[in-house]
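To keep things clear, I will list the structure first and then write my remarks on it.
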Amino acid sequence: MDELPIRSGDDVVRIRQQVRTVAARSGLSLVDQTKLVTAASELARNALVHGGGGTARVEVVTSGSGKNGVRIGFTDDGPGIADLDLALTDGWSSGDGLGLGLSGARRLVDEFELTSKPGHGTSIVVVKWSR
Amino acid sequence: MERVPILKIGTTLFVSIQIDLQDESVMRLQEDLAEELAATGARGVIIDITAVEIVDSFIGRMLAMIGSISRLFDAETVLVGMRPAVAITLTELGLSLRGVRTALNAEKGLALLNGSA
């Protein structure tokens, strides 16, 4: 599937639209589509603001039991996250946000995998399954 | 960047968000509304989000801030038309939008502002 750039606010909007299209096509309910698009918006903004830009890859996946889902991978080459537990804590923010972006995005999806090392960027893969 | 128009009807400012909101647009809306409130002395702001497909933590925070800013101009903000899926997602995200009043639709929002609801 296509790799979408995250370089501007317009790119964040485009990623939301792409995720919405793929999620609808995969049979996710309207509420699940909305949750996934919202999570994608948080993570794309994080990659832009904290990671200095990056890419998003949106694809359809099928589980072992035959369920459809949507997987989104976000990658940035930013400074990375030094303390993952802290970054995933509700209310903790490195900037002037509410600190709900990362922790909130994790709550909105079914699978959430974060890989980050200081100095080596951050990669986050999320999956939302149809019910 | 697209801008969200602000309409003044009587003592109320109406904002209907019809675009896919990017961060810059919602920050601009905040500034435009503050200027309109100062210039017109409007007593209420109605923000219609019927067409808004998602509200994430940034957009939610900006909407809550619009409520706080309005209060400094002695005006009340009512958020109307939130989609059910957006309400569920916002709650799960952990955003309460405390401080912003809500109504089911623009008509009920206006009634709330006029004290007849």
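The values are calculated or read from the model by the stated rules, or taken from the named source; none is laboratory data. Just so it is clear, the structure is predicted and the values come from calculations on it, not from any experiment. We place every Cβ from the backbone using ideal geometry, glycine too, and count neighbours over all the protein chains shown.
Tabulated data
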quantity: Selection count where residues are of a type in the set (A, V, I, L, M, F, W, C), within 11 Å of chain A (Cβ to nearest Cβ) and crowded, with 16+ Cβ neighbours inside 10 Å, scope region B:66-87; calculated: 2
quantity: Failed item in (1) farther than 24 Å from B:Pro84 by Cβ; (2) more than 10 Å from every other protein chain (Cβ to nearest Cβ); (3) touching a residue at least 12 places away in the same chain (Cβ under 8 Å), with A:Val49 passing the rest; calculated: (2)
quantity: A:Gly27 facing another protein chain (nearest Cβ under 8 Å) and either surrounded by fewer than 18 Cβ atoms within 10 Å (Cβ to Cβ) or touching a helix residue (DSSP H, G or I) at 6+ places or on another chain (Cβ under 8 Å) (or both); calculated: no
quantity: Restricting region B:21-52 to residues that are at pLDDT 95 or above and within 18 Å of A:Val19 (Cα to Cα), the residue that is surrounded by the most Cβ atoms within 10 Å (Cβ to Cβ); calculated: B:Val52
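So that you can scan it fast, the table gives a plain yes or no per residue for (1) in contact with a helix residue (DSSP H, G or I) (Cβ under 8 Å, 6 or more places away or on another chain); (2) at pLDDT 90 or above; (3) buried (at least 16 other Cβ atoms within 10 Å of the Cβ); (4) among the basic types (Lys, Arg):
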site	(1), (2), (3), (4)
A:Ser41	yes, yes, yes, no
A:Asp76	yes, yes, yes, no
A:Ala82	no, no, no, no
A:Thr115	no, yes, no, no
A:Trp129	no, yes, yes, no
